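The values are calculated or read from the model by the stated rules, or taken from the named source; none is laboratory data. Since the structure is predicted, the reported quantities are computational estimates derived from the model, not experimental observations. All Cβ positions, even for glycine, are placed from backbone atoms using ideal geometry, and neighbour counts span all protein chains on display. Accessible surface areas use protein heavy atoms only, side chains included; no ligands, DNA or RNA. Shrake-Rupley method; radii C 1.70, N 1.55, O 1.52, S 1.80 Å.
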Amino acid sequence: MTIKEKEPYLKIEDLHVHFQGRSQLFRPAKPPVRAVNGINFDIKPGRTFGLVGESGSGKSTVARAILRLLDTKDGRIIVSGDDVTQFNDSEIKNYRKQVQVVFQDPYSSLNPSHIVGEIVGELITEHRGIKAGAERDKIVGDLLEQVGLGRHFLERFPYELSGGQRQRVAIARALSVEPEMIICDEATSALDVSIQSQVINLLEEIQEKTGVAYLFIAHDLAVVKHISHDIGVLYLGYLVESGPSERVYEETAHPYTAMLLAAEPIPDPERQKRRASVRRVYQIDAEPPSPTNLPKGCPFTNRCALVMDICHDEMPGPTPVLAGGTVRCHLHTSGPTLNGKSVVPLLLKTAEENK
Ligand SMILES: Nc1ncnc2c1ncn2[C@@H]1O[C@H](COP(=O)(O)OP(=O)(O)OP(=O)(O)O)[C@@H](O)[C@H]1O
Ligand code: SF4
Ligand SMILES: [Mg+2]
């Protein structure tokens with residue numbers, strides 16, 4: 001079966017997650033934080049979905065919902081055909097063997113008082129029933145070699161390792177239960193650029209060998225570009241654009257995605273200045289609205305220079321993009337067209353090329 005024909009491993013359907021405001025003495029309860037608002041995407045086995053967005057856009061909330069670390073308000077999270085939002089406790093325990101997570105901060109995610117052999121071996125005992133000893137050490141040693149660390153790391157403590165080595169230990173731990181999917185939540189964000197690319201290369205090698213799927217979360221589009229087959233862009237809990245990686249970069253369809261792309265620094269100050277003036281074609285410098293008080297229409301209205309009247313009244317629904325994926329922006333249904341195609345990708349591309 002080719003990858004195209006494979007059923008998705010993960011399918012997110014109309015997912016909503018709200019955090020209820022606490023009730024306060026003599027005061028009305030705060031309105032809920034609408035962290036995730038009706039998002040849809042899927043990940044096929046052996047593929048990588050890059051999820052990007054600014055801080056607070058809801059990326060970790062999506063990850064925690066998939067891991068069943070929080071309750072969802074609405075929607076379905078289908079994994080291998082089952083809706084995990086309906087799982088009971090024993091089903092959740094079983095499910096956690098399939099989906100592992102690597103967090104940003106290897107300093108806090110690895111138990112500082114345990115040696116690497118114990119940190120990586122723990123899940124092997126919990127999920128595979130192999131107790132501490134020679135057999136487990138052999139498996140852990142193999143895993144450490146697989147992530148580019150030698151067997152001699154077995155006896156080391158986390159404080160004896162560099163940031164990149166700790167992240168390799170976290171990856172070995174995730175791999176120890178032979179998962180179907182690993183969620184990397186800003187897993188490379190704290191690392192230096194050169195170490196970051198080494199870890200990304202390692203993740204790609206592992207995917208080639210094992211066929212594991214990744215949900216790769218980052219706030220920076222440049223980081224996800226290399227590793228992702230598909231990309232989703234979150235803005236205030238809305239998936240405003242998604243699609244094949246190449247299409248999202250080459251034919252950017254949403255003004256917010258263009259804004260994220262333009263935020264990547266250019267070392268040349270002259271070009272940086274030119275780019276700032278070109279960006280005004282589609283972008284206004286303003287703070288995003290609060291997730292407790294989202295506007296009625298598109299949540300990007302106050303930062304979008306291309307705003308139309310309809311944008312204030314209605315949230316745009318997902319519209320297919322000809323070259324693949326979807327976009328939530330009225331310009332694609334009510335804006336100018338050329339030969340039946342929205343001119344927005346052309347406009348955004350021209351603006352970027354003129355920088
Ligand atoms: N437990 C919680 N209670 C209330 N609000 C929360 C809770 N967890 C997250 N939020 C809110 O939900 C929104 C999404 O947060 P989330 O952590 O998912 O963002 P993120 O995209 O992962 O950000 P970052 O890039 O900073 O990690 C934010 O407005 C955040 O303040
Ligand atoms: S819907 Fe309107 S405000 Fe929102 S991104 Fe598109 S043009 Fe801009
Ligand atoms: Mg986060």
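In table form, for the structure just shown:
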{"item": "Total residues in the range 203-220, condition at pLDDT 95 or above and open to solvent by 10 Å² or more (accessible area, probe 1.4 Å)", "result": "7"}
{"item": "Selection status of GLY38, assigned by TED's automatic domain parsing to the domain that holds SER189 and within 16 Å of ligand 2 (Cβ to nearest atom)", "result": "yes"}
{"item": "Count of the range 59-81 residues which are open to solvent by 10 Å² or more (accessible area, probe 1.4 Å), within 14 Å of the chain's Cα centre (by Cα) and within 12 Å of ligand 1 (Cβ to nearest atom)", "result": "4"}
{"item": "Pick from the range 21-43, criterion within 13 Å of ligand 1 (Cβ to nearest atom) and more than 16 Å from the chain's Cα centre (by Cα), ranking: surrounded by the fewest Cβ atoms within 10 Å (Cβ to Cβ)", "result": "ARG22"}
{"item": "Among the residues listed as PRO316, PRO288, the single one being away from ligand 3 (no atom under 16 Å from the Cβ), in contact with a Leu (Cβ under 9 Å, 6 or more places away or on another chain), assigned by TED's automatic domain parsing to the domain that holds GLN272 and not aliphatic (A, V, I, L, M)", "result": "PRO316"}
{"item": "The lone exception for GLU54 - which of (1) more than 16 Å from ligand 2 (Cβ to nearest atom); (2) within 20 Å of the chain's Cα centre (by Cα) it fails", "result": "(1)"}
{"item": "Residue among VAL84, VAL99, VAL120, VAL116 that is open to solvent by less than 40 Å² (accessible area, probe 1.4 Å) and free of Cβ contacts under 8 Å to residues at least 24 places away in the same chain", "result": "VAL84"}
{"item": "Flag for ARG22 being out of contact with any strand residue (DSSP E or B) (no Cβ under 9 Å at 6 or more places or on another chain), part of a loop (DSSP other than H, G, I, E, B), charged (D, E, K, R) and without any contact (Cβ under 8 Å) to a residue 40 or more places away in the chain", "result": "yes"}
{"item": "GLY243 outside any loop (DSSP other than H, G, I, E, B) and modelled with pLDDT of 95 or more", "result": "yes"}
{"item": "Any hit, the range 205-220, residues being within 24 Å of ALA65 (Cα to Cα), under 13 Å from the mean Cα position of the chain (by Cα) and within 16 Å of ligand 2 (Cβ to nearest atom)", "result": "no"}
{"item": "Count of residues meeting criterion [away from ligand 1 (no atom under 16 Å from the Cβ) and either of a type in the set (S, T, N, Q) or within 21 Å of ALA35 (Cα to Cα) (or both)] in the range 203-254", "result": "6"}
{"item": "Criterion: farther than 12 Å from LEU51 by Cα and surrounded by fewer than 23 Cβ atoms within 10 Å (Cβ to Cβ) - qualifying residue of GLU186, GLU180", "result": "GLU180"}
{"item": "Every pair of residues 6+ apart whose Cβ atoms lie under 6 Å, when the first sits in the range 47-73 and is touching a residue at least 40 places away in the same chain (Cβ under 8 Å) while the second is part of a helix (DSSP H, G or I) and near ligand 1 (Cβ under 7 Å from one of its atoms)", "result": "LEU51/LYS59; GLY53/LYS59"}
{"item": "Residue, least open to solvent (accessible area, probe 1.4 Å), within the range 281-310, restricted to residues that are touching a helix residue (DSSP H, G or I) at 6+ places or on another chain (Cβ under 9 Å) and more than 19 Å from LEU260 (Cβ to Cβ)", "result": "GLY297"}
{"item": "Every residue from the range 44-58 that is under 9 Å from LEU234 (Cβ atoms) and open to solvent by less than 40 Å² (accessible area, probe 1.4 Å)", "result": "LEU51, VAL52, GLY53, SER57, GLY58"}
{"item": "Failed item in (1) within 20 Å of ALA63 (Cβ to Cβ); (2) open to solvent by 60 Å² or more (accessible area, probe 1.4 Å), with ASN111 passing the rest", "result": "(1)"}
{"item": "When residues of the range 154-177 are limited to those that are open to solvent by less than 40 Å² (accessible area, probe 1.4 Å) and small (Gly, Ala, Ser), the one nearest to LEU144 (Cα to Cα)", "result": "ALA172"}
{"item": "Whichever residue in the range 311-330 is touching a His at 6+ places or on another chain (Cβ under 9 Å) and open to solvent by less than 30 Å² (accessible area, probe 1.4 Å) and, among such residues, is farthest from ligand 2 (Cβ to nearest atom)", "result": "VAL321"}
